[in-house]
Amino acid sequence: MKRILPLIAISFLVSTSVFAQKPKKLNSNQIYEKIQKLNFLGTALYIAAHPDDENTRLIAYLANNVKARTGYLSLTRGDGGQNLIGSEIRELLGVIRTQELLAARSVDGGEQFFTRANDFGYSKHPDETLEIWEQEKVLSDVVWAIRTFKPDVIINRFNHRTPGTTHGHHTTSAMLSVAAFDKVGDKNQFPEQLKYTETWQPKRLFFNTSSWFYRGKEDEFKKATKDFSKFDIGVYYPLKGLSNNELASMASSQHLCQGFGRLTTRGEQTEYAEFLKGEKPKDKNDVFSGINTTWNRIEKGGEIGDILYDVEKNFDFVNPSKHLPKLMEAYQKIQLLEDAHWRTIKAKQIKTIIEACAGLYLEASAISSSGTPNSNINVNFEALNRSNVAIELASITSTINKKTITKEIELSANKKINFKETIHLKTTSYSDPYWLRETASLGMYKVANQELIGLPETPRETKITFNLIIDEVAISFTKNIVRRYAERDQGEIYEPFEVLPVITTKLKDKVIIFSDDEPKKVLVEVRAGANNVSGKVNLKIPNGWEVTPKEIAFTIQQKNDKQTVSFLVKAPKNQSEGKLKVIATSNGKTYKKELVEINYNHIPKQSVLLNSEAKIVRLNIKKSGNYIGYIKGAGDTVPENLRQIGYTVEAINPLEIDNKNLHKYDAVVLGIRAYNVVKELKFKQKFLLEYVEKGGNMIVQYNTNRNVDVAAPFTLNLSRDRVTDEFAEVRVLEKNHELLNFPNKITNKDFKGWVQERGLYFPNTWSNEYTPILSMNDKGETAKKGSLLIAKYGKGNYIYTGLSFFRELPAGVSGAYKLFANMLSVGKK
């Protein structure tokens, strides 16, 4: 699954490259910038719906020019979108996009938060969105985020007053933000939250508007801008050698699975914010105008400010360690602040500065990248002081078992200290994504622990606290346990340390289709999370299905080794479907999880635990033709799904397409967004059309309408038409067409059980050569007839479909399999 991505050759962006877990080592410029942020006591929260909705230009401006503590609240994790870099969809895509958001924030300087809302896919109106999301729960999460982050200023990405003009999630994010603004200060609203936080009232609320929201009303926009707040987000940062809009482009480019890699831009550029609620700023071009953002904001903060403003004013870029005595003095005073909110924030910020000024390197690296609950792990420690300040390593504390080990070692200048310790993983929890631990509904993830709600990641239990004495003052630095190692072809690599089950199991296929009476071999891969693991594994199947044997014993000697066992599963004669679940037992404990590892170079390695199960379907399906050529587009699993019903599917390398090598296939299928992402296709289209003209069958799945030409044989224009309601009525336009009758009879029953949507990016105009097969529409809209078009071209058939087969086939939707088989069989009656 690894993809090699271009490295960004800028030192402060190193954490977003292949070394995604590598600790940040701040240079003098970065230390100085953090001191500037330390001396600004103001907070802004940006609110939108999805990963990539955030305006990185404005977030970067607030974080780096204004120096404000800046957060982005994305209501969802983007689970309902598509994936341009791999085959992960739904919850696994949400894991990837979460990490890409964190990578973006590490570039633009913001912090990241979420609600429990599940991105169920495109929505055309907030009414639909709020029905599925459970309005009160998502609103409570927005209130919770505001109460815990405590922003002075909130900025919405979207307009709450224009429902139905954009994605329903977009408008809903703004509507909930406006509603939350009036509730966060009321102790009677969501009072259960006040066990963990307190009420809060932001000073003002804005809408980050632009000409995009005034399409067709350009004159109105020009007049309105006189009253808007304006920011030149093209400001240049000499300390970075970058402009703000360059920084923002780099942040946006972290959204690789959405194809957001982009050129950097430079020069003057204006952003606008429309005031909505609260206290109007005296200076409309300063969102913090009238808000005290100095140390005098908090009681006894003035004396801290006196120290730190002087450090900022007289900062020594050549020898930052000279400021350690003053920084330690300020740190002690911060520890005494009664304001717990600012005490926590500023203590964290100043500790980062102290660590960097001292040139401290503190690391706890495990021998392995994972361990199991209640086991022991060996950890290598490194402590290094690269300053001339007196520093002592007093002790280390393992947070997972609360054990403190005394050290009392002087850290002399530039003399590395190494030692080893054994850490006991005293826990029953795993380090998988917390929001995936319980089965989600269509619209909401289930998270019972209030203090976890909104966090981007599961808090790590496996931490080490280094207890130091600097200039006779006690101070502690807490680090996650990691695994650091090297590969000859990659260099030094950091991976997160995970707590994982002793046993995980995996089914090769998530959907298993039984298209005849023959039993199928079902392979189960058993993985050991520790040495010397043994037990038994069995399959739980629905009534009417048969499996042999009942259970199989396994023994695995080495950690991370795997053993594959084989069961024979027989389906009932009549159509049936259900869940096949894998259950492993060992030493009286039951294990039901699969370990999914997501490993891309631009994000940290992710370990996700999902239920070890598959959908099994007894499907009476017929097909004509067997040998299918598949041109991969953006990530999908359609080839694997077609193999499930007996097709031989061969991947076609677009570079190798010529006028000879396509004719061996019974049909050629283009994967989703193939014309969007496979640049070579525009040079190979003549060969594909020649294949059709000579009798071939070509199926093109959906492409977006953004600067793409699908080069169809006849006029066909893509649009943004879609049907998002998976229950929308499907009307047959050509009941007698071969496509609906051979080799399988397609009826309205075959459109039941579809997931997330009917389809997307349908053509809206086409020439008379095409025959539209189906008609469908969302509530209150006109009929859309472009979901499935077929045209005779020469001796063959060209089919274009926007139906979401890439979602339906992995979900085991029987009717989708039958319809796809019919498309592959056209012309073979």
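The values are calculated or read from the model by the stated rules, or taken from the named source; none is laboratory data. Since the model is a prediction, treat every value here as computed from it, not as a measurement. All Cβ positions, glycine included, derive from the backbone under ideal geometry; neighbour counts span all protein chains shown.
Pull up the stretch 690-711, narrow it to residues that are aliphatic (A, V, I, L, M) and more than 16 Å from VAL826 (Cβ to Cβ), then point me to the one that is modelled with the lowest pLDDT.
We begin by selecting, within the stretch 690-711, every residue aliphatic (A, V, I, L, M); these are 692, 698-700, 708, 710-711.
Cutting the leftovers down to more than 16 Å from VAL826 (Cβ to Cβ) gives us 708, 710-711.
Working: VAL708: 80, VAL710: 87, ALA711: 85.
Checked the stretch 690-711; the qualifying residue modelled with the lowest pLDDT is VAL708.
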From the list TYR798, TYR761, which one is assigned to a strand (DSSP E or B), over 33 Å from the mean Cα position of the chain (by Cα) and either at positive phi or in contact (Cβ under 8 Å) with a residue 40 or more places away in the chain (or both)?
-> TYR798
Return the total of residues in the stretch 233-271 being within 26 Å of PHE206 (Cα to Cα), among the charged types (D, E, K, R) and surrounded by 16 or more Cβ atoms within 10 Å (Cβ to Cβ).
-> 2
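Tell me the residue from VAL153, VAL138 that is closer than 21 Å to GLU757 by Cβ, at pLDDT 95 or above and touching a strand residue (DSSP E or B) at 6+ places or on another chain (Cβ under 7 Å), please.
On the way: VAL153 fails: closer than 21 Å to GLU757 by Cβ.
Going through VAL153, VAL138 in turn, just one is closer than 21 Å to GLU757 by Cβ, at pLDDT 95 or above and touching a strand residue (DSSP E or B) at 6+ places or on another chain (Cβ under 7 Å): VAL138.
Pick out the one residue from LYS67, LYS22, LYS37 that is modelled with pLDDT under 95 and surrounded by fewer than 23 Cβ atoms within 10 Å (Cβ to Cβ). Break it down into steps so the answer makes sense when it comes.
Values: LYS67 fails: modelled with pLDDT under 95; LYS37 fails: modelled with pLDDT under 95.
Criteria check complete, one pass: LYS22.
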Does any residue of the stretch 728-738 turn out to be of a type outside the set (Val, Ile, Thr), crowded, with 20+ Cβ neighbours inside 10 Å and not in a strand (DSSP E or B)?
-> no
ASN768 fails exactly one of the following numbered conditions: (1) over 26 Å from LYS510 (Cβ atoms); (2) part of a helix (DSSP H, G or I); (3) not charged (D, E, K, R). What is the number of that condition?
-> (2)
So VAL482, is it buried (at least 16 other Cβ atoms within 10 Å of the Cβ) and within 20 Å of ASN118 (Cβ to Cβ) = no
Would the stretch 238-247 turn up any residue that is under 30 Å from VAL678 (Cα atoms) and not polar (S, T, N, Q)?
-> yes
List every residue pair whose Cβ atoms sit under 7 Å apart, with the two residues 6 or more apart in sequence or on different chains, where the first one lies in the stretch 535-548 and is in contact (Cβ under 8 Å) with a residue 12 or more places away in the chain and the second, anywhere, is surrounded by fewer than 13 Cβ atoms within 10 Å (Cβ to Cβ) and part of a loop (DSSP other than H, G, I, E, B).
-> ASN538/LYS550
Right, ALA104: outside any loop (DSSP other than H, G, I, E, B) and under 18 Å from the mean Cα position of the chain (by Cα) or not?
-> yes
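In the set GLU693, GLU680, which member is under 30 Å from the mean Cα position of the chain (by Cα), of a type outside the set (Gly, Ala, Ser) and either farther than 20 Å from ASP509 by Cα or not assigned by TED's automatic domain parsing to the domain that holds LEU819 (or both)? Step through it out loud before you land on a result.
Working: GLU693 fails: under 30 Å from the mean Cα position of the chain (by Cα).
When all the criteria are applied, what remains is GLU680.
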Only residues that are among the polar types (S, T, N, Q) and crowded, with 18+ Cβ neighbours inside 10 Å: list them for the stretch 602-612, please.
-> GLN606, SER607, SER612
Residue count for the stretch 306-327, restricted to those that are buried (at least 16 other Cβ atoms within 10 Å of the Cβ) and in contact with a Ser or Thr (Cβ under 6 Å, 6 or more places away or on another chain) = 2
If a residue has to be modelled with pLDDT of 90 or more and assigned to a loop (DSSP other than H, G, I, E, B) to count, how many in the stretch 207-262 make the cut?
-> 14
Within the set of pairs 6+ apart or on separate chains, which have a first residue in the stretch 425-440 that is among the charged types (D, E, K, R), a second that is part of a loop (DSSP other than H, G, I, E, B), and C-beta atoms under 7 Å apart?
-> LYS426/ASN374; LYS426/ILE400; LYS426/ASN401; ASP432/THR458; GLU438/LYS446
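Residue-wise test of (1) touching a Ser or Thr at 6+ places or on another chain (Cβ under 7 Å); (2) assigned to a loop (DSSP other than H, G, I, E, B); (3) assigned by TED's automatic domain parsing to the domain that holds TYR591; (4) modelled with pLDDT under 95.
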position: ILE453; (1), (2), (3), (4): no, yes, no, no
position: ILE469; (1), (2), (3), (4): no, no, no, no
position: LYS479; (1), (2), (3), (4): no, no, no, no
position: ASP489; (1), (2), (3), (4): no, yes, no, yes
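Just the residues that are among the acidic types (Asp, Glu) and in contact with a strand residue (DSSP E or B) (Cβ under 7 Å, 6 or more places away or on another chain), please, taken from the stretch 701-724.
Within the stretch 701-724, the first condition is being among the acidic types (Asp, Glu), and the residues that meet it are 709, 721.
The answer is ASP721, and nothing else.
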Go through the stretch 568-581 and give me each residue that's under 15 Å from VAL511 (Cβ atoms) and part of a strand (DSSP E or B).
-> VAL569, SER576, GLU577, GLY578, LYS579, LEU580, LYS581
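Inspect all residues belonging to the stretch 272-285 and state whether any of them is assigned to a loop (DSSP other than H, G, I, E, B) and modelled with pLDDT under 95.
Within the stretch 272-285, the first condition is being assigned to a loop (DSSP other than H, G, I, E, B), and the residues that meet it are 279-285.
Adding the requirement that they be modelled with pLDDT under 95 leaves 282, 284.
The answer is yes; a qualifying residue exists.
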Could you list all residues from the stretch 526-564 that are charged (D, E, K, R) and under 34 Å from the mean Cα position of the chain (by Cα)?
-> ARG527, LYS540, LYS559, ASP561, LYS562
Return a yes/no flag: does the stretch 659-678 have any residue that is β-branched (Val, Ile, Thr), outside any loop (DSSP other than H, G, I, E, B), farther than 17 Å from PHE762 by Cα and in contact with a strand residue (DSSP E or B) (Cβ under 8 Å, 6 or more places away or on another chain).
-> yes
Looking at the stretch 687-702, which of its residues are touching a residue at least 60 places away in the same chain (Cβ under 8 Å), surrounded by 20 or more Cβ atoms within 10 Å (Cβ to Cβ) and either closer than 25 Å to LYS785 by Cβ or among the small types (Gly, Ala, Ser) (or both)?
-> VAL692, GLY696, ASN697, MET698, ILE699, VAL700, GLN701, TYR702
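Condition check: at pLDDT 95 or above, under 19 Å from LYS124 (Cβ atoms) and either part of a helix (DSSP H, G or I) or not polar (S, T, N, Q) (or both). Does GLY786 satisfy that? Walk me through how you get there before you give the answer.
Values: at pLDDT 95 or above: yes; under 19 Å from LYS124 (Cβ atoms): yes; either part of a helix (DSSP H, G or I) or not polar (S, T, N, Q) (or both): yes.
Spelling it out, GLY786 is indeed at pLDDT 95 or above, under 19 Å from LYS124 (Cβ atoms) and either part of a helix (DSSP H, G or I) or not polar (S, T, N, Q) (or both).
Rundown of residues vs (1) crowded, with 22+ Cβ neighbours inside 10 Å; (2) among the β-branched types (Val, Ile, Thr), yes/no style:
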| position | (1), (2) |
| --- | --- |
| VAL677 | no, yes |
| GLN685 | no, no |
| VAL710 | no, yes |
| LEU716 | yes, no |
Provide a single number: the residues in the stretch 454-469 that are surrounded by 19 or more Cβ atoms within 10 Å (Cβ to Cβ) and either in contact with a helix residue (DSSP H, G or I) (Cβ under 6 Å, 6 or more places away or on another chain) or of a type in the set (Gly, Ala, Ser) (or both).
-> 1
Which one of the conditions (1) more than 20 Å from GLY71 (Cα to Cα); (2) assigned to a helix (DSSP H, G or I) does LYS348 fail to meet, given that it meets all the rest?
-> (1)
Scanning for something among the hydrophobic types (A, V, I, L, M, F, W, C) and either over 20 Å from VAL813 (Cβ atoms) or free of Cβ contacts under 8 Å to residues at least 12 places away in the same chain (or both), does the stretch 770-784 turn up at least one residue?
-> yes
